[in-house]
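The values are calculated or read from the model by the stated rules, or taken from the named source; none is laboratory data. Being a predicted model, the structure only gives us computed values, none of them experimental. Here Cβ is always computed from backbone atoms with ideal geometry, including for glycine, and neighbour counts include all displayed protein chains.
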Amino acid sequence: MEYRLYNGECCLKSKGCCSRYTNKLNNYDYLSDIAESEQVTDYVEIQFKNTRKGYYLNNNKIPLVKGDVVAVEASPGHDIGTVTMTGKLVLLQMAKARLRPDVEIRRIYRKAKPIDIEKYEEAKAKEHETMIRSRKIAENLGLQMKIGDVEYQGDGNKAIFYYIADERVDFRQLIKDLAEAFRVRIEMKQIGARQEAARIGGIGPCGRELCCSGWVTGFVSVSTGAARLQDISLNPQKLAGQCAKLKCCLNYEADAYMEAQRNFPSREIPLETKDNVYYHFKTDVFKNQMTYSTDKNFAANTIVITAERAFDVIGMNKKGHKPKSLLPDNNEQQTQPKEYQDVLEESVSRFDSIIKKKNKKYRPNNEKHYNHKKTGAKK
């Protein structure tokens, strides 16, 4: 029998991986059904609590599949983790993480035994209480830090304390107090606000799982320039995620908008006509339209034109000519596409008259008909 973890809980499976297996930063191995892929390498990706992952060497040639619970080498003792990937894709993940197999890779000891699972569950049950007590100890020492999570090693001999701090913290006395209180080896690991959100998890405003806890492994700096490029309102409450930082998804479409901006003239160039000078107000990338205003600070006498028309006016201004209006020569303002379109060509009730005529044709309209029908008399 083999032990497997599903949604953080251990159960027994004889072989194969249950389809209910889900985990944070879960990767789809699209080469799992190819036998040759498993024989390429002995390196295996192991995931521990939340988003902590590691790569280990299966030098004992233990047959492993996704979801197996294994005991791996740690310092000191051993740790308990779940197999999340095997085969050729592990090498690609290691190259992405820039790991050196000859130096930084530890070994897989064995598949987890019942006694290993018992120790693992006992250690895991103490994590929440340890986190609460450690916060009180740090508060009593007057340290400006927040302990966001605690993770015990699989054998219970070591605990990792994840904390957030804006400034450098001297936690030498804290380590002594924690070691005395919990009787384990202490490791302090500083993380950022985004890493904390990834470990805790949650649902974003889009209705899906947070990207940082679902698939994002590396965090890239996000600036308000990405929001300006996409003409998004600079509202801090709208732009900030659950980590109180700018949302990572602001960078997803920034490159596409930057590519689309090449088809538009510079926003800094004003358009001159015989009557007014127009300044850029906003750009609609999807409709290929630009809105200009006679005032720099707010919308006044706005006119909507296409990017081609804006290029034409700029070319005319460079030659010293000023058109009568920003609109084309026919002085007809360009039609804007409708925000919505009624897909019904006719009224919804267009069939009602036909139904009434049919009902009127087959429905008796006097009581004499019913009386004749009941008595069997002829009409």
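Quick rundown of the values:
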{"read-out": "Boolean, Asp275 is acidic (Asp, Glu) and under 19 Å from the mean Cα position of the chain (by Cα)", "value": "no"}
{"read-out": "Hits in the range 227-248 (condition: farther than 22 Å from Ile203 by Cα and polar (S, T, N, Q))", "value": "Gln230, Ser233"}
{"read-out": "Failed item, numbered, when Ala179 is tested on (1) farther than 30 Å from Glu118 by Cβ; (2) surrounded by fewer than 17 Cβ atoms within 10 Å (Cβ to Cβ); (3) hydrophobic (A, V, I, L, M, F, W, C)", "value": "(1)"}
{"read-out": "Residue in the range 120-133 that is without any contact (Cβ under 8 Å) to a residue 60 or more places away in the chain and in a loop (DSSP other than H, G, I, E, B) present", "value": "yes"}
{"read-out": "Which listed residue is over 29 Å from Phe219 (Cβ atoms) and of a type in the set (A, V, I, L, M, F, W, C), from Ala123, Ala181", "value": "Ala181"}
{"read-out": "Subset of the range 184-206 (residues that are exposed (fewer than 15 other Cβ atoms within 10 Å of the Cβ), assigned to a loop (DSSP other than H, G, I, E, B) and under 14 Å from the mean Cα position of the chain (by Cα))", "value": "Gly202, Pro205, Cys206"}
{"read-out": "Test set (1) over 30 Å from the mean Cα position of the chain (by Cα); (2) in a loop (DSSP other than H, G, I, E, B); (3) within 25 Å of Tyr28 (Cβ to Cβ) - Asn59 fails condition number", "value": "(3)"}
{"read-out": "Where a residue in the range 161-179 is over 12 Å from Leu143 (Cβ atoms) and its partner, wherever it lies, is of a type in the set (Phe, Trp, Tyr), with Cβ under 8 Å and at least six apart", "value": "none"}
{"read-out": "Single unsatisfied condition, Ala95 versus (1) of a type outside the set (Ser, Thr, Tyr); (2) at pLDDT 80 or above; (3) surrounded by 12 or more Cβ atoms within 10 Å (Cβ to Cβ)", "value": "(3)"}
{"read-out": "Test result for Glu151, within 30 Å of the chain's Cα centre (by Cα) and either closer than 12 Å to Val184 by Cβ or buried (at least 21 other Cβ atoms within 10 Å of the Cβ) (or both)", "value": "yes"}
{"read-out": "Residues (without any contact (Cβ under 8 Å) to a residue 24 or more places away in the chain, part of a loop (DSSP other than H, G, I, E, B) and out of contact with any Gly (no Cβ under 8 Å at 6 or more places or on another chain)) located in the range 207-255", "value": "Gly207, Gly218, Ser221, Ser223, Ile232, Ser233, Leu234, Asn235, Tyr252, Glu253"}
{"read-out": "Single condition Ile269 does not satisfy, out of (1) in contact with a strand residue (DSSP E or B) (Cβ under 6 Å, 6 or more places away or on another chain); (2) in contact (Cβ under 8 Å) with a residue 24 or more places away in the chain", "value": "(1)"}
{"read-out": "Residues within the range 62-81 that are under 18 Å from Leu25 (Cα atoms) and surrounded by fewer than 19 Cβ atoms within 10 Å (Cβ to Cβ), tallied", "value": "1"}
{"read-out": "Positions within the range 285-296 being over 35 Å from the mean Cα position of the chain (by Cα) and under 24 Å from Ala227 (Cα atoms), in sequence order", "value": "Tyr292, Ser293, Asp295, Lys296"}
{"read-out": "Residues that are surrounded by 15 or more Cβ atoms within 10 Å (Cβ to Cβ), assigned to a strand (DSSP E or B) and of a type in the set (A, V, I, L, M, F, W, C), drawn from the range 275-298", "value": "Phe281, Met290"}
{"read-out": "Qualifying residue in the range 59-74 (condition: out of contact with any strand residue (DSSP E or B) (no Cβ under 8 Å at 6 or more places or on another chain) and closer than 25 Å to Glu38 by Cβ)", "value": "yes"}
{"read-out": "Search result, residues across the range 301-321 that are surrounded by 13 or more Cβ atoms within 10 Å (Cβ to Cβ) and in a loop (DSSP other than H, G, I, E, B)", "value": "Thr302"}
{"read-out": "Failed condition for Pro270, given (1) within 18 Å of the chain's Cα centre (by Cα); (2) at pLDDT 90 or above", "value": "(1)"}
{"read-out": "Residues within the range 140-183 that are under 21 Å from Glu121 (Cα atoms), among the aliphatic types (A, V, I, L, M) and not in a helix (DSSP H, G or I), tallied", "value": "3"}
